[in-house]
Amino acid sequence: MPDSRIVHVGFDDPPRLAKGAKNDDEAMPFYRRVRDEIRTFVLTLPDSIIHSEERPMSTIKVFDPPMCCSTGVCGPEVNPRLVQFAADLAWFSGQDFKVERYTLSQQPEMFMKHAVVLEAINAGGTNALPIVMVDDQVVSQRGYPSREQLAAKTGLIPAGSP
């Protein structure tokens, strides 16, 4: 059909995520997280399809503190929040968002180009990071927002939605 549109979004596999769980109580958060991701996707799908031609592509910019990489899998310990946030940003890329991510230790010039980011660092040091911006407006500072929080800030999920 000429007017049809195929949308594909990959979700993590809960059994694979919960592989190291010792019991159902330890495994359940992985299943719930994927369930919630699918729910968020389903809730935002109609709006993203209907309005994708109407709204210009938004840009999400993330200014990370100094670290070797932003994946969360480097170093001696895996940071599950960074791993989840990286997956969330990949999801937003699939929702027609441009995602830009900068790490202070690797792209300091990008921090200098954004006055609001530079001001935050001058005022609070690297404790002001991470800073997340949507279309050059700060939507989160000093922590990574959840997918649902960021979706609400971008307008994918109207504020107050269940």
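What follows is calculated from the coordinates using simple rules that are stated; it is not laboratory data. As the structure is a prediction and not an experimental result, all values here were calculated from the model. As a convention, Cβ positions derive from the backbone with ideal geometry for all residues, glycine included, and neighbour counts pool all protein chains shown.
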Determine, yes or no, whether residue 128 is free of Cβ contacts under 8 Å to residues at least 40 places away in the same chain, buried (at least 19 other Cβ atoms within 10 Å of the Cβ) and over 30 Å from residue 43 (Cα atoms). no
For a quick check of your reading of the model, give me the residue pairs whose first member lies in segment 20-43 and is in contact (Cβ under 8 Å) with a residue 24 or more places away in the chain, whose second is surrounded by 13 or more Cβ atoms within 10 Å (Cβ to Cβ) and assigned to a helix (DSSP H, G or I), with beta-carbon atoms closer than 7 Å and at least 6 apart or on different chains. 37/147; 40/147; 40/148; 40/151
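In segment 79-162, which helices (runs of 4 or more DSSP H) lie fully inside it and hold 1 or more residues that are over 19 Å from residue 59 (Cβ atoms) and within 11 Å of the chain's Cα centre (by Cα)? Spell out how you get there, then give the answer.
Numbers: elements: 80-93, 108-113, 115-124, 147-154.
Correct list: 80-93, 147-154.
For segment 104-125, enumerate the residues that are surrounded by fewer than 17 Cβ atoms within 10 Å (Cβ to Cβ) and under 18 Å from residue 67 (Cβ atoms). I'd like the intermediate steps shown before the answer.
First, pick out the residues of segment 104-125 that are surrounded by fewer than 17 Cβ atoms within 10 Å (Cβ to Cβ): 105-110, 112-113, 115-116, 118-119, 122-125.
Result: 105, 106, 107, 108, 109, 110, 124, 125.
Could you count how many residues in segment 131-154 are among the basic types (Lys, Arg) and surrounded by fewer than 17 Cβ atoms within 10 Å (Cβ to Cβ)? Spell out how you get there, then give the answer.
Of all residues in segment 131-154, those among the basic types (Lys, Arg) come to 142, 147, 153.
So of that shortlist, the ones also surrounded by fewer than 17 Cβ atoms within 10 Å (Cβ to Cβ) come out as 142.
Going through segment 131-154 one residue at a time, the tally reaches 1.
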